[in-house]
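Data first, discussion second: the structure below is written as structure tokens.
Each value in this text was obtained by applying a stated rule to the coordinates, not by laboratory testing. Given the structure is predicted, the values throughout are model-derived calculations rather than measurements. Note that each Cβ is placed from the backbone with ideal geometry, even for glycine, and that neighbours are counted across all protein chains shown.
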Amino acid sequence: MATAAAAGVRGRCAHPVRTLALSTASPALSLALFEDDRLVAHSHDVIGRGHAERTLPAIVALLGDRRADAIIVDIGPGSFTGIRIGIAAARALGLAWGVPVNGCSASALVAAQAFAIAPTLAAVTVCLDAGRGQILQQIVGRDYVASAPMIMASTSVETGASCAGPMAGADAVHQGQPDARFALHLPPAARAHSPQAIYVRPPDAILPL
């Protein structure tokens, strides 16, 4: 489904409505370009660090001579620095192009991937790398309403696996990095948030008072 914001510019566009989705809230740098509902370009690289240097060049490489009519950015939770980089890039491009910028959560993106793999699931427990040797866990239902995030030691969850079976009231547990190509799998309300960061704890570095 095309975003509501993108639908609003359809009448002004001679080309299909293009939506750029980006996620830098995790160790992955994930980008996707859609024309209406169709995915036309995608890159997903687990880079760990270096989002500040690589995000804008990666967007330029993905778009070529194209530009977007709407932008969806991952607003977290996740890496404090990564979230800020993605939102800053999305806002800068939105301002330069004069297009709307909306946010979606990292947990919703991972849940959308899990639901695409297993369409019969009613809910999933999403596990994200929270840094400091910890995992962030949320239960996300089919309506993309999420439980309050919980932080736990990464040793308590097998990272990188997708395990069937009941856990914390959900039908499955899914670990993975947010992937921008699932942005349009989300219902409109889940990808229409204000581009404001979602943090679950203070940053590692605290400025002196």
Ranked on Cβ counts within 10 Å of their own Cβ, fewest leading, 120, 55, 24 go 120, 55, 24
Residues 79, 26, 147, 194 in order from fewest to most other beta-carbon atoms within 10 Å are 194, 147, 79, 26
